[in-house]
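Asks: Pasting a structure below so you can have a look.
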Amino acid sequence: FPYTTLFRSESVQADPQWIKVDLGSIKSITDFVLTWETANAKDYIIEVSDDNLNWTTGVTKTNMASGSRTDRIYDQNLTGRYIRLTGTARTTGYGYSIWEFKIFGNSLIAPTISFATSGTINKNFGDEAFINSATTNSSGS
């Protein structure tokens, strides 16, 4: 597609924390790029779901470096309508802080973004979503 969320969001200072993306329909997903601020995930998973109820873990990352970084995850063979990024362990005492979450596939999408406590932010921007001043996340599943 690609689909990009551009925002700066910091979660509460607890584990786990998640952010969910609704792609609007089931898509083939090939790559992810996550741009983290200094307070980031040491361990995280990316899950996919067709129905927002049954989740399959597509990516598991552990012992990731502290400090600002960009994680590039290529050559995935996933399908789903919903993508959930869940931080399971933090690199600092602060919450998770992410600048950008990119999802790549083979068609254009109209995304909706959900945070753990703020409900759903209904923003449909074609192939790019820009979320500013995102609310604080809290744990969820």
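The values are calculated or read from the model by the stated rules, or taken from the named source; none is laboratory data. None of the values given here were measured: they were computed from a predicted structure. Quick reminder, even Gly has a Cβ in these numbers, built from the backbone with ideal geometry, and neighbours come from all protein chains shown. With ligands, DNA and RNA removed, areas are computed over all heavy atoms of the protein, side chains included. Shrake-Rupley method; radii C 1.70, N 1.55, O 1.52, S 1.80 Å.
Asks: Among the residues of region 18-31, which ones are more than 13 Å from Arg84 (Cβ to Cβ) and either of a type outside the set (Gly, Ala, Ser) or surrounded by 13 or more Cβ atoms within 10 Å (Cβ to Cβ) (or both)?
Replies: If the condition is that a residue be more than 13 Å from Arg84 (Cβ to Cβ) and either of a type outside the set (Gly, Ala, Ser) or surrounded by 13 or more Cβ atoms within 10 Å (Cβ to Cβ) (or both), then Gly24, Ile26, Lys27, Ser28, Thr30, Asp31 are the ones that fit.
Asks: Yes or no: Tyr82 closer than 19 Å to Pro16 by Cβ, of a type outside the set (Lys, Arg), modelled with pLDDT under 95 and open to solvent by 50 Å² or more (accessible area, probe 1.4 Å)?
Replies: Answer is no for this residue.
Asks: Return the only residue of Tyr44, Tyr96 being modelled with pLDDT under 90 and either closer than 14 Å to Pro16 by Cβ or more than 12 Å from the chain's Cα centre (by Cα) (or both).
Replies: From the options Tyr44, Tyr96, the qualifying one is Tyr96.
Asks: Restricting to region 32-61, give me the number of residues that are exposed (fewer than 15 other Cβ atoms within 10 Å of the Cβ) and under 23 Å from Ser97 (Cα atoms).
Replies: 3
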